[in-house]
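In what follows, a single structure is set out as structure tokens and then discussed.
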Amino acid sequence: MRPPSDLKPDLFETTDEIETPAILVDLDAMERNMAKYASFAKEQRVALRSHVKTHKIPDLAHRQEELTGGDGIVCQKLSEAEVMAQNGIDDIYLTYMVVGEEKLNRLVWLSEHVDEFATTVDGEGNILPLQEAAARHGVTVDVVLELDVGLNRVGVQPGAPATEVADLILEQPNLNLAGIMAYEAHVTQEAETASEYERLCMAVMDEVEEAVDRIEDVTGAAIDEVKVGGTATSKFSGRHPVVTEINPGMYPFNDVGELGRRPFEVDKEDCALTVLTSVISTAADDRVIVDGGSKTMSMDLAAYDIYPLPKNRDDIAYERYSEEHGWIDTSESNEEFTVGDRLEFIAPHVCTTINLHDTIVGVRDGVVKEVWEVQARGKLK
């Protein structure tokens, strides 16, 4: 038997009737955000393959595909991709290295059950086991070679190292080199203005272009696909002629992190996803406590002083948190708060916040119009 807390909000309820804490999505803002990126991709003649690790919701993935005419999606984990495939998504790029025999068996099976599938590699350690799995099942798997262009996470260095790994892929009878991927997220740690974003992104893309030219010249293989970009960088990197596809994820929603990274083009009105909380205590004169702590809003960016931000007001501040409580500084407010008052916050990090919740509520003009199950929540394998 399902407990009452599992029951979803009813359609056409008002936000005042929704039990808290709850994730809300302003549908008008979300649709504006999605349209902006789709228009940019169309203008630049690049594909917009959206990264669904942000929302993990097949219905939203379908909406993103419809906006682009079927450019496909990006997934971060194999189990996440499986959920999307089970819900009718037929063009999936897995931007992650899959390791382990059982996972590789699942990957090969998935590649045969969707129309288009590719996965990511960066060296012998993940190329050769994938070749063995593909050969074992008698299939050919498309792979994308990831370049490390400055994030220093995964990926092979451009230049001779990348060319050597590309050559290794080309030697494998059951693997097909389907393109190059480069994630220039480190730019967000360096750039503060639009002109700095443009300069740094273009410099990285020049490096990618050199790497692609070298691979093509040395191996004789054609690199037809070059995938780049996150939400903050896609609109800059996507202008470079080497790029064929951008892969942003957070753009439908935005968050406090995006507000800080791009104040020149993102404001509170662009933050479609918020967390609705209720005041549960007014015991002190200078603060109230809400029912939203670190189990409601991900605080993984708190080390960088990125905290929940009040959506519709600037007279209060989210000061600190525990697992189930949020301390709200009200010392600058003239309002007299009471238990039960609703306070709405922009999430510090939207991706990890969504992963804490079973459902997301889509609202328009304060009325529930959509209720989505986060079907790929916790799909980490």
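Laboratory data are not the source of any read-out in this text; all were calculated from the coordinates shown. The structure displayed is predicted, hence computed values, not measured ones.
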| request: Quick one: what are the phi-derived ³J(HN,Hα) couplings along the range 64-77, Karplus 6.51/-1.76/1.60 with θ = phi - 60°, whole Hz, x for glycine and proline? | output: 5, 5, 4, 5, 9, x, x, 7, x, 10, 10, 10, 9, 10
| request: With N set to the residue count of the range 1-79, report its C-alpha Rg divided by 2.2 N^0.38 Å to two decimal places. | output: 1.39
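Any chance you could list the semi-axes, whole Å, largest first, of the equivalent ellipsoid that the Cα gyration tensor gives for the chain, using √(5λ)? Write out the running numbers ahead of the final one.
On the way: eigenvalues 322, 108, 63 Å².
One finds semi-axes of 40, 23, 18 Å for the chain.
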| Just from the alpha-carbon atoms, what are the Rg and Dmax of the range 319-381 in angstroms? | 15.4, 49
| message | Pairs of alpha-carbon atoms within less than 8 angstrom and 6+ residues apart define the contacts here; what relative contact order does the chain have, in percent? | response | 21 percent
| field | Residue-averaged [θ]222 nm for the chain, counting only DSSP H segments that reach four residues, each worth -39500 (n - 2.57) | value | -9500 deg cm²/dmol
| request: Report, please, the projected area of the range 274-329 averaged over directions, based on the convex hull of its C-alpha atoms, in nm². | output: 3.8 nm²
| note | Rg from C-alpha atoms of the range 46-148, normalised by the globular rule of thumb 2.2 N^0.38 Å, equals 1.04
| message | I need the Debye-formula profile for the range 197-250: one equal scatterer per C-alpha, no solvent, reported as log10 I(q)/I(0) at q = 0.12 1/Å, two decimals. | response | -0.27
| message | Using only alpha-carbon positions, what ratio does the radius of gyration of the range 236-381 give when scaled by 2.2 N^0.38 Å? | response | 1.15
| message | For a distance above 18 Å, tell me the whole-number percent of Cα pairs in the range 150-238 that qualify. | response | 45 percent
